[in-house]
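The structure under discussion appears below in the form of structure tokens.
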Amino acid sequence: MFCLQNTLEQCSVCAKPIMERILRATGKAYHPHCFTCVMCHRSLDGIPFTVDAGGNIHCIEDFHKKFAPRCSVCKEPIMPAPGQEETVRIVALDRDFHVQCYRCEDCGGLLSEGDNQGCYPLDGHILCKTCNSARIQALTAKASTDL
């Protein structure tokens, strides 16, 4: 006796036959409700998704949370704001920063905009021009008194 179920495609997640709508992604067949993010388990039917190097399917937000570079100040991932596809990451002294976290270590002034724009590193410290000059003057004064 011929069985129709034996001819149906199987879902690559649950291995059960797909009786109704087939969702095709990443070269595989899925039940729409089985095609979910590996982290939050939200259905990705009709939603943008991405795949990591191991072939795991992620919603865009969770992919960024997992793989985005982390800010060296606040330790949070540097990822696009909700609804955005891109973001700005500042790299200085081999460290990553959010734009709002990229500040002078001494005075706290924002280094990405305004009068103190620019980084003037000294001994691995992220400084504005004014604080860099003050530290150099202090180091020079200390060196001359140590003679």
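The values are calculated or read from the model by the stated rules, or taken from the named source; none is laboratory data. Since we're looking at a predicted model, the values are computed, not measured. Every residue, glycine among them, receives a Cβ derived from its backbone with ideal geometry; neighbour counts consider all protein chains shown. What goes into the accessible areas is simple: the full protein's heavy atoms, side chains included, and nothing from ligands, DNA or RNA. Shrake-Rupley method; radii C 1.70, N 1.55, O 1.52, S 1.80 Å.
For residues that are among the polar types (S, T, N, Q) and under 19 Å from the mean Cα position of the chain (by Cα), scanning just the stretch 28-71, find the one that is least open to solvent (accessible area, probe 1.4 Å).
Let us first name the residues in the stretch 28-71 that are among the polar types (S, T, N, Q), namely 36, 43, 50, 56.
Checking the rest, the ones that are also under 19 Å from the mean Cα position of the chain (by Cα) come to 50, 56.
Numbers: Thr50: 38, Asn56: 68 Å².
Within the stretch 28-71, the match that is least open to solvent (accessible area, probe 1.4 Å) is Thr50.
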Number of positions in the stretch 72-98 that are under 21 Å from Gly124 (Cβ atoms) and touching a residue at least 12 places away in the same chain (Cβ under 8 Å)
12
Hits in the stretch 97-147 - residues which are closer than 20 Å to Ile78 by Cα and hydroxyl-bearing (Ser, Thr, Tyr):
Tyr102, Ser112
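Given the criterion open to solvent by 80 Å² or more (accessible area, probe 1.4 Å) and under 20 Å from Ile90 (Cα atoms), identify the matching residue among Tyr102, Tyr120.
Details: Tyr102 fails: open to solvent by 80 Å² or more (accessible area, probe 1.4 Å).
Exactly one of Tyr102, Tyr120 is open to solvent by 80 Å² or more (accessible area, probe 1.4 Å) and under 20 Å from Ile90 (Cα atoms), namely Tyr120.
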